[in-house]
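These notes concern the structure reproduced below.
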Amino acid sequence: MNDRFYIIDDDKSIRRVLKNIIDQYDLGIVIGEADNGKDAIKDIQALNPPIILVDLLLPGIDGIGIVAEIKKMNLSTNFIMISEVTSKDIVSKAYTMGVEFFIHKPINVVEVLSIINKVKEKLTMHEVISSFEHAFHSMSMLKEYKGNIKTQTISERDRIKKVLSQLGILGEAGSNDLVEMILLISEQEDMQREGLLNQKLSELYKMLNKRYEDDADNSSNVGAIEQRIRRAINKALRNIANMGIEDYGNELFIRYSNTLFDFKEVRKQMNFARGKSNYGGKISVKKFIEGIIVELKSEL
């Protein structure tokens, strides 16, 4: 597949390195580049590149702003963000806006190859699915096919469990608490959901305990709920760090290390597991829960 790339970065050397990697490893062709958002948006509207590599921090319009503008054009574009920023709020916002993956500075060839190949695989799969849909439509079977798919829709509870299973914590005692906590928050309207996420964790634990009392007449100690949840998330952090140690290009590691955890803390945990540090990484219960909610919304 001769994919077309567009690169946006105000650092000329970064653009050159990315272009050389794409050329050297025959990933596709770079059809354009820019050092600012204003010029990039004009080019992209005209060129419609399938894959855009965009720096987060840019003069004028930043990377997230560029993604937002391009999304309004309804172009079939996939975004890879280049950044050394690990702020949980910024990363979460970027994923929500439609960024596919992150490439971290300083540029690492192995990481660039892994990320770009994953996006290319997605594009290939999309083409295969599109061809099947076209075939079904030609045979007047598409409507029936889609109807069958709808009847097999996976519940939100099962989707949450799938994520926890991928993190290796589905069997943990706190996994059930996490499922119920996430459902409690995600089933609310947007404004109410934001209000809940802004609550103190102690209040969320109390609300979850109240749900247990109301739904199952099975009250639990609020402190015990908190301990179970924290133990489960801590284990998830250890598991994701081990994935990164074994394979930095692991799809689950790339997908969850920034969205469910602070990547700095994942690195600390990796160094601890390697024996390079006396201290492991720390977790944020709220970031973990918010990250899974964002993950659920992105799959819709």
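Here, each number is a calculation from the coordinates, and none is a lab measurement. None of these values were measured; they are calculated from a predicted model. Virtual Cβ from ideal backbone geometry, glycine too; neighbours counted across all protein chains shown.
Inter-part distance, the range 264-296 to the range 38-55, computed on C-alpha centroids, equals 33 Å. Here the residues Val110, Val163, Val85, ranked from fewest to most Cβ neighbours within 10 Å of their Cβ, fall in the order Val110, Val85, Val163. Mean separation of Cα pairs under 8 Å and 6 or more residues apart, divided by the residue count, gives the chain a relative contact order of 13 percent.
Over 22 Å between C-alpha atoms is what I'm after, so list which of Lys105/Lys264; Lys19/Lys105; Lys206/Lys264; Lys72/Lys287; Lys162/Lys235; Lys93/Lys286 land there. Intermediate results must be reported in sequence, preceding the final value.
Numbers: Lys105/Lys264 13 Å; Lys19/Lys105 15 Å; Lys206/Lys264 30 Å; Lys72/Lys287 28 Å; Lys162/Lys235 16 Å; Lys93/Lys286 15 Å.
As for pairs spanning more than 22 Å Cα to Cα, those are Lys206/Lys264; Lys72/Lys287.
Neighbour counts of other C-beta atoms within 10 Å: give me Lys235, Lys122 arranged from fewest to most. Please report the intermediate quantities before stating the final value.
Working: Lys235 18, Lys122 14.
Ranking Lys235, Lys122 by Cβ neighbours within 10 Å, fewest first, gives Lys122, Lys235.
Relative to the dominant Cα principal axis of the chain, helix 222-246 is inclined by about 30°. What does the charge count near Ile31 come to, summing +1 for each Lys or Arg and -1 for each Asp or Glu among other residues with Cβ under 15 Å from its Cβ? Result for the local shell: -1. Points 7 angstrom from Cα along the Cβ direction at Asp215 and Leu197: gap in nanometres? Once both label points are built, they end up 2.1 nm from each other. Taking amide H as placed 1.01 Å from N in the peptide plane, the amide H of Glu100 sits under 5 Å from that of Phe79, Ile80, Met81, each at least 5 places away or on another chain.
Would you mind calculating the gained length between Arg16 and Arg4 on full extension (0.36 nm times residue separation, minus the Cα-Cα distance), in nm to one decimal? Intermediate values should be presented prior to the final figure.
Details: separation 12, 0.36 × 12 = 4.32 nm, distance 1.58 nm.
Using 0.36 nm per residue and subtracting the Cα-Cα distance, I get 2.7 nm.
Among Thr259, Thr96, the order by Cβ neighbours within 10 angstrom, fewest to most, reads Thr96, Thr259.
If R0 equals 41 Å, the separation of the Cβ atoms of Ala46 and Ser284 corresponds to a calculated FRET efficiency of about 0.45.
Give the percent of DSSP beta bridges with both residues in the chain that are antiparallel, rounded to the nearest 5.
Values: 0 of 20 bridges.
In the chain, approximately 0 percent of DSSP beta bridges are antiparallel ones.
Compared with the dominant principal axis of the Cα atoms in the chain, helix 109-138 is inclined by about 90°. Other residues whose C-beta falls under 14 angstrom from the C-beta of Tyr248 contribute a net charge of 0, scoring Lys and Arg +1 and Asp and Glu -1.
Using only Cα atoms, find the angle between the long axis of helix 63-72 and the longest principal axis of the chain, and express it within 0 to 90 degrees, rounded to the nearest 10. Relative to the chain, helix 63-72 is tipped by roughly 80 degrees.
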